[in-house]
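See below for the structure under consideration.
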Amino acid sequence: MVWRVATASMSTPDKKRIEPEDHSIAETTAAELAPLYRQMLAIRRMEEASAKAYSQGKIGGFLHLIIGQEAVCVGAIAALEEKDYVVATYREHGHAYAKGVSARAILAELYGKKTGSVKGLGGSMHIFDKSKNFLGGYGIVGGHVPIAAGAAFASKYRGDGAATLCFFGEGASTIGGFAEGLALAALWKLPVVLICENNQYSMGTPLYRSLAVEDVSMRALAHGMARDRFDGDDVIKVKRRIGEAVERARTTGEPTLVEVVTYRFRGHSMSDPGLYRTKDEVEEWKRRDPLNRSRAKLTELGMSEQELAALEDDVRAEIEDAVKFAEESPAADEYFPYVVKE
Ligand SMILES: Cc1ncc(C[n+]2csc(CCOP(=O)(O)OP(=O)(O)O)c2C)c(N)n1
């Protein structure tokens with residue numbers, strides 16, 4: 001038996017690339033970018049609406065927002081087909097929306113209403129929709145990585161040609177479940193793309209206090225797995241680079257570990273004022289806002305202010321309708337631990 005020795009200089013299948021910070025948007029057309037900008041804006045408005053409802057006491061439990069990170073889930077999921085699967089964390093409202101779950105079903109779930117994606121019994125951290133191949137929504141950090149490997153195993157077993165995207169934070173990469181999922185994905189050559197949304201903080205802990213290396217994608221080397229690493233503020237770049245990994249999964253069945261560097265503008269959850277970061281740091285990242293960058297690119301590509309305003313009005317109407325729907329929907333049935341009412 002020949003063992004492959006993992007080193008940082010290994011040329012195959014090490015696909016890691018790091019490039020200088022670049023604040024532009026990759027080559028694209030308005031036809032490609034406009035729907036992605038619309039999705040990112042809808043996610044941001046939906047998150048803002050949920051923050052408001054939470055502060056009014058209309059949403060209970062935990063609420064983790066993705067504001068600032070929208071380009072990652074939108075770009076990555078844009079590289080998929082309907083048959084592909086997505087598995088995500090408790091910070092998953094945007095991922096669910098990008099995979100086709102409606103703002104109505106997401107907000108109603110947050111409000112604990114019967115019309116929510118899981119009948120109001122799961123709440124913010126447990127959005128799930130089998131009809132969209134959106135497989136959750138998990139609250140145990142890193143615990144869902146083996147679940148994603150399992151979904152990819154099922155695709156390989158059935159030969160359905162689907163790829164699975166698994167999203168997690170950099171904090172999850174220190175968890176046993178992450179190591180187990182990675183090991184199985186590499187050993188069994190499973191068609192899964194493991195996407196580390198490195199927003200640089202696990203709750204209030206900065207990356208350098210929880211990891212011995214800055215580069216999370218290096219963990220792929222231990223498994224001879226392909227890897228990539230890039231800045232995640234450009235939705236088109238995210239789509240292209242995740243697209244390469246999805247193509248690899250489909251054609252060779254090989255997994256990829258992708259680290260996308262990003263930033264959350266707000267605290268870890270609604271109860272976190274984020275005092276462990278300086279105002280300057282947050283402001284610096286806000287200047288790189290993925291939504292502003294996409295909007296500016298659309299103007300450059302010839303979209304008029306009038307057209308952009310129409311798109312933005314359309315998003316506002318969609319989210320206002322979803323809030324109204326959630327508020328007016330009936331409350332979830334009472335939940336008994338051993339009897340789930342249909
Ligand atoms: C196994 C486990 N340990 C601890 C927690 C508490 N917890 C919830 S979120 C979180 C931080 C995770 O950070 P990261 O993986 O970087 O993701 P992010 O929240 O930044 O998106 C922790 C420690 C948990 N939910 N599960």
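A short reminder: the numbers here are calculations on the coordinates, not readings from a lab. Worth saying up front: this structure is predicted, and the values here are computed from it rather than measured. A quick note on method: Cβ atoms are made from the backbone with ideal geometry, for glycine too, and the neighbour counts reach across all protein chains shown.
Points to keep in mind about this one:
- Summary value for the chain: 26 percent relative contact order, contacts being C-alpha pairs under 8 angstrom separated by 6+ residues.
- Helical mean residue ellipticity (222 nm; -39500 (n - 2.57) per DSSP H run of 4+; nearest 500) of the chain: -12500 deg cm²/dmol
- The lysines within cross-link reach of LYS52, meaning a Cα-to-Cα straight distance under 16 Å and a gap of 8 or more places when in the same chain, are LYS324.
- Straightening the chain between ARG209 and GLU48 buys 54.9 nm, computed as 0.36 nm per residue apart minus the Cα-Cα spacing.
- In this calculation the C-beta distance from ALA31 to LYS286 is compared with R0 = 41 Å, giving a FRET efficiency of 0.90.
- Only lysines eight or more places from LYS189 in sequence, or on another chain, were considered; those with a Cα closer than 30 Å are LYS15, LYS16, LYS83, LYS99, LYS130, LYS132, LYS156, LYS237, LYS239.
- The stretch 145-164 and the stretch 31-56 have Cα centres spaced 30 Å apart.
- Computing FRET efficiency as 1/(1 + (r/R0)^6) for LEU187 and ASP160, where r is the C-beta to C-beta distance and R0 is 22 Å, gives about 0.60.
- Estimated vicinal HN-Hα couplings, Hz - the stretch 182-192 in sequence order (Karplus 6.51, -1.76, 1.60; Gly, Pro = x): 5, 4, 5, 4, 6, 5, 9, 6, 9, x, 10
- Cut-off under 5 Å, modelled amide H: who pairs with ALA226 long-range: LEU257
- Whole-Å semi-axes of the stretch 30-328's equivalent ellipsoid (Cα gyration tensor): 28, 21, 21
- Spherically averaged projected area of the stretch 161-310 from its Cα convex hull (nm²): 11.3 nm²
- Couplings for the stretch 224-232, taken from phi via the Karplus curve 6.51 cos²θ - 1.76 cosθ + 1.60 with θ = phi - 60°, read x, 9, 5, 8, 8, 7, 7, 7, x Hz in order; Gly and Pro are left as x.
- Modelled FRET efficiency - R0 22 Å, GLU320 with GLN56, Cβ distances, 0.05 increments: 0.90
- Net dipole in debye of the chain [+1 Lys, Arg Cβ; -1 Asp, Glu Cβ; about Cα centre; nearest 20]: 840 debye
- Hull-based mean projected area of the stretch 258-342, where the convex hull spans the alpha carbons, in square nanometres: 11.1 nm²
- Each residue of the stretch 258-273 was assigned a 3J(HN,Hα) from its phi angle through the Karplus expression (A = 6.51, B = -1.76, C = 1.60, θ = phi - 60°), giving 10, 9, 10, 7, 8, 7, 9, 6, 10, x, 4, 9, 4, 8, 10, x Hz with x at Gly and Pro.
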